[in-house]
Amino acid sequence: MFLYPYDIVRLKKKLQCDSESFMRQFTRLAQGVHPYFPAVMLKLNDDKENACPFLAQDGCSVYTDRPTACRTYPLERAVDRNMVSGRRRDYYFLARHTYCLGHNEQKKITVSQWIREQQIHDYNTMNDAWTEIDSLFANNPWKGEGSGGPKQQMAFMACYDIDGFRKFVNRERILDQFRFSRAHKESLQKNDDMFLQFAFDWLKLFLTGKSSLVLR
């Protein structure tokens, strides 16, 4: 199962560990949808069931902060971005697996109700921001540097090691380079969701020289 940057933020907070520790213990790298940036996948237990590491006797131990794929299932989301109008349209497909007994339930629910009840909106918002960044990676911004070079390592940290990236930002006093109020800076230090969005915006500036961030 693929994990996205926002999944990492939610899961490491739920488990009360830092993002680097979470990545080392619970994830593995895999080939992404393009060859220029790796994907992150959940590392399953090394047993015959290959069970989820968060599966406990009484069910999911991280249920309130479960990843996008678990939260959205049995729906699968696709996004059509109209480049002319600039508007986005979401499509949802129903997946069916024999091992999921939920398909045997008689209760009917609309897609809108499912999105609301499963609190999927916040995940979709952050994952859309991540998709924009991954599309930037697909254009091979590391030209000549190769896989695993300094820029790619920096990008990987910004996306998946939010605590490590925050230490880097504080050490290099990067927030002082932008027109942020003191209150906004304080919020960035405390709020991982906000800081992940900053990381995405900073990466755009770092790799392309263009971003919504305003330099001082």
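Annotations for the structure displayed:
- Shown in residue order for segment 18-25 are the 3J(HN,Hα) couplings computed by the Karplus curve 6.51 cos²θ - 1.76 cosθ + 1.60 at θ = phi - 60°: 7, 5, 5, 4, 4, 4, 5, 8 Hz (x for Gly and Pro).
- Computed over segment 134-208: relative contact order in percent, which uses C-alpha pairs under 8 Å that are six or more apart: 31
- Over every Cα atom in the chain, the radius of gyration and the widest Cα-Cα span, Dmax, amount to 18.7, 58 Å.
- Contact order, relative form, for the chain: 21 percent (alpha carbon pairs under 8 Å, 6 or more residues apart, mean separation divided by residue count).
- Summed side-chain charge close to Val62 - residues other than Val62 whose Cβ falls under 9 Å, Lys, Arg +1, Asp, Glu -1: +2
- Separation of the alpha carbons by more than 22 angstrom is noted, of Lys12/Lys167; Lys13/Lys48; Lys13/Lys190; Lys12/Lys108; Lys12/Lys48, for Lys13/Lys48; Lys12/Lys108; Lys12/Lys48.
- Each listed q (0.20, 0.29, 0.31 Å⁻¹) maps to a log10 I(q)/I(0) for segment 1-41, found by the Debye formula over equal Cα scatterers with no solvent: -0.58, -1.00, -1.08.
- Alpha-carbon centroids, segment 166-216 and segment 1-68: separation in whole Å: 26
- Convex hull per residue volume in Å³, alpha carbons only, for segment 9-74: 125
- Candidates per trypsin sites (Lys or Arg not before Pro) in segment 103-138, loop by DSSP, up to 12 other Cβ within 10 Å: Lys107, Lys108
- Hull-based mean projected area of segment 134-208, where the convex hull spans the alpha carbons, in square nanometres: 5.1
- Backbone N under 13 Å from the Thr64 label point (7 Å along Cα→Cβ), restricted to segment 1-42: 11, 13-16
- Fraction of C-alpha pairs exceeding 14 angstrom in segment 95-177: 78 percent, rounded to a whole number.
- Each other residue within a Cβ distance under 15 Å of Asp122 adds +1 if Lys or Arg and -1 if Asp or Glu, for a net charge of 0.
Since every read-out is calculated from the coordinates, none of them should be taken as a lab result. Just so it is clear, the structure is predicted and the values come from calculations on it, not from any experiment. Every residue, glycine as well, gets a Cβ built from its backbone with ideal geometry; the counts of neighbours run over all protein chains shown.
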